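The values are calculated or read from the model by the stated rules, or taken from the named source; none is laboratory data. Here the structure is a predicted model, which is why all the values come from computation and not from measurement. Note: ideal-geometry Cβ built from the backbone for every residue, glycine included; neighbour counts use all protein chains shown. Calculation scope for accessible area: heavy atoms of the full protein, side chains included, ligands and nucleic acids excluded. Shrake-Rupley method; radii C 1.70, N 1.55, O 1.52, S 1.80 Å.
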Amino acid sequence: KRPSCAQRGSQELRDGVKAACALKGFPKGAVRINSAGCLDQCERGITAVLYPSGKWFLDLKPTDVDRLVEEVEKEVHGGGA
């Protein structure tokens, strides 16, 4: 059986990124933090994809909030890809 992102803390990571991005005060509509269905990378830990760049993040842990928020900030300010 494949491991579950939820069992590895994906919801905790999502909630942390969402809260941290809200504190950044990005322009309205610039950032949306969504849950997704299976991205088919179960063996690689928690997985996230940043759009519009399409950059993938694998092997994430709930403690990677700052890392993801930095990437979101780069994307919002035009330095993402």
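For segment 31-44, the set of residues classified as of a type outside the set (Ser, Thr, Tyr), open to solvent by 50 Å² or more (accessible area, probe 1.4 Å) and part of a loop (DSSP other than H, G, I, E, B) consists of ARG32, ASN34, ALA36, GLY37, CYS38, LEU39, ASP40, GLN41, listed by residue number. Please specify each residue of segment 45-81 satisfying the condition of being closer than 15 Å to ARG8 by Cβ and in a loop (DSSP other than H, G, I, E, B). Scanning segment 45-81 gives GLY45, LYS61. The residues of segment 64-75 that are in contact (Cβ under 8 Å) with a residue 12 or more places away in the chain and open to solvent by 80 Å² or more (accessible area, probe 1.4 Å) amount to a single one, ASP66. Has segment 8-21 got at least one residue that is surrounded by fewer than 17 Cβ atoms within 10 Å (Cβ to Cβ) and either in a loop (DSSP other than H, G, I, E, B) or touching a Lys or Arg at 6+ places or on another chain (Cβ under 7 Å) (or both)? Looking through segment 8-21, none of the residues is surrounded by fewer than 17 Cβ atoms within 10 Å (Cβ to Cβ) and either in a loop (DSSP other than H, G, I, E, B) or touching a Lys or Arg at 6+ places or on another chain (Cβ under 7 Å) (or both).
Filtering segment 12-34 to residues that are under 15 Å from the mean Cα position of the chain (by Cα) and free of Cβ contacts under 8 Å to residues at least 24 places away in the same chain leaves ARG14, ASP15, LYS18, ALA19, ALA22, ARG32, ILE33, ASN34. Given (1) open to solvent by 50 Å² or more (accessible area, probe 1.4 Å); (2) within 30 Å of ARG2 (Cβ to Cβ), identify the lone condition not met by GLY78. Looking at each condition in turn, GLY78 falls short on (2).
Scanning segment 45-60 for residues that are open to solvent by 30 Å² or more (accessible area, probe 1.4 Å), in contact with a Leu (Cβ under 8 Å, 6 or more places away or on another chain) and within 21 Å of LYS1 (Cβ to Cβ) yields nothing.
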